[in-house]
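The structure appears below as structure tokens.
The values are calculated or read from the model by the stated rules, or taken from the named source; none is laboratory data. These figures come from a predicted structure and were not determined experimentally. Every residue, glycine as well, gets a Cβ built from its backbone with ideal geometry; the counts of neighbours run over all protein chains shown. All accessible areas refer to the heavy atoms of the entire protein, side chains included, with ligands and DNA or RNA removed. Shrake-Rupley method; radii C 1.70, N 1.55, O 1.52, S 1.80 Å.
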Amino acid sequence: TLILYPLYTVWPIGASWYYSLLDWNGFERSGSFVGGANYRELLRDPLFWNAFRNTAIFMLLAVPLRAGLALVLAVVLNNPRLPFSSLFRTALFLPVVTTGAIVGVVMRFVLDPTGGPVNLALLNLGLTERPINFLGQADTALGSAVGVWVWKWLGVTLVYWLAALQTIPTELYEAARVD
């Protein structure tokens, strides 16, 4: 730890800060020191502010959605009388241990506008007249990314909520029923 942590964590962070103060393309041997000029240029860049806005929207949508949905599912799955609760827990945790590449391939298939199951279901139910390109349109891409991210990482938060709910003594539930 004393060797690997500084080598793979501290050094890259420090080097990133140093390189951010240079006018350097990454291919030449060295760059010239420009100080905070890169940061001033960044703050004037409209693409940066667009990315910042999208990141803020993503965070404001995804984090509460993930936490709230996981809490609701944890309360349901914490019921000892629910049949197949361990199967549901496993199914909800499975995306967490799936690699990002596999999730990307699966979601590209699921959200495909020409024959994906989501579009086919929307068309068959009469909820839309033509297929929606969820990942290729500016007005649907951010919401689709939020949905995929929540689905992928919901299992971690669910496990935390389940662990917390299972630490509550049964006497408290019995007292609540009596009250």
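A few comments on the model shown:
- The residues of segment 1-39 that are of a type in the set (A, V, I, L, M), open to solvent by less than 100 Å² (accessible area, probe 1.4 Å) and not in a helix (DSSP H, G or I), listed by number, are L21, L22, V34.
- Helices (runs of 4 or more DSSP H) lying entirely in segment 80-179 (those with 1 or more residues that are open to solvent by less than 60 Å² (accessible area, probe 1.4 Å), of a type outside the set (G, A, S) and free of Cβ contacts under 8 Å to residues at least 40 places away in the same chain): 100-110, 117-124, 138-166
Quick grid of which residues meet (1) farther than 30 Å from L142 by Cβ; (2) open to solvent by 60 Å² or more (accessible area, probe 1.4 Å); (3) out of contact with any Pro (no Cβ under 7 Å at 6 or more places or on another chain); (4) not aromatic (F, W, Y):
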position: R44; (1), (2), (3), (4): no, yes, yes, yes
position: A62; (1), (2), (3), (4): no, no, yes, yes
position: R66; (1), (2), (3), (4): no, no, yes, yes
position: L69; (1), (2), (3), (4): no, yes, yes, yes
position: N78; (1), (2), (3), (4): yes, no, yes, yes
